[in-house]
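Q: After the structure tokens below, expect a handful of questions from me.
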Amino acid sequence: MRLNQVTMPCTNVAASAEFYTKLGLIQIVASDDYARFACPDGDTTLSVHVVDEVADGAAPVVHFECDNLDATVGELESAGIVFDSQPWDQRWLWREARLRDPAGNEVCLYHAGENRLNPPWRIPPPG
């Protein structure tokens, strides 16, 4: 099994499409109430669909891994993207920066390296 896509609620597809395109995703589907994007690395996708309202705290957090988080944040800020928090080192060994899309959905850009799938506290595989 592998992750295909995450679908996020939004109240304005055009604004969300512009935001996710600025983040570097490639739009592959467009309609009045839905848009889908391919991630530039790998084969996962992200989509947005129209809802009347996005309830604060009800939506998932989408995580995008970056090879050079600090440089990526700088480039995105130069393109007009506003961050809620600058990159900082977490106790779970990830470096993260947080922002919100136009609908208020939380987005986390991060760098984890080897700790993404193999943190020191990983549970041993069964068997």
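The values are calculated or read from the model by the stated rules, or taken from the named source; none is laboratory data. Here the structure is a predicted model, which is why all the values come from computation and not from measurement. Counting neighbours? That spans all protein chains shown, and the Cβs are built from the backbone with ideal geometry, glycine included.
Q: Can you pull out the residues in region 2-26 that are touching a Pro at 6+ places or on another chain (Cβ under 8 Å), part of a strand (DSSP E or B) and farther than 13 Å from residue 105 by Cα?
A: Within region 2-26, 26 is the sole residue that qualifies.
Q: A follow-up question, please. If I go through region 89-117 residue by residue, how many of them are of a type in the set (D, E, K, R), surrounded by fewer than 16 Cβ atoms within 10 Å (Cβ to Cβ) and part of a loop (DSSP other than H, G, I, E, B)?
A: Of the residues in that region, 1 qualify.
Q: May I ask you to verify whether residue 70 is surrounded by 10 or more Cβ atoms within 10 Å (Cβ to Cβ), within 27 Å of residue 29 (Cα to Cα) and of a type outside the set (Val, Ile, Thr)?
A: Judged against the criteria, residue 70 is not a match.
Q: Here is a follow-up. Which of the residues spanning region 60-77 are in a strand (DSSP E or B) and among the charged types (D, E, K, R)?
A: The answer is 65, and nothing else.
Q: With respect to residue 39, determine if the residue is at pLDDT below 95, touching a helix residue (DSSP H, G or I) at 6+ places or on another chain (Cβ under 8 Å) and of a type outside the set (Phe, Trp, Tyr).
A: It is false that residue 39 is at pLDDT below 95, touching a helix residue (DSSP H, G or I) at 6+ places or on another chain (Cβ under 8 Å) and of a type outside the set (Phe, Trp, Tyr).
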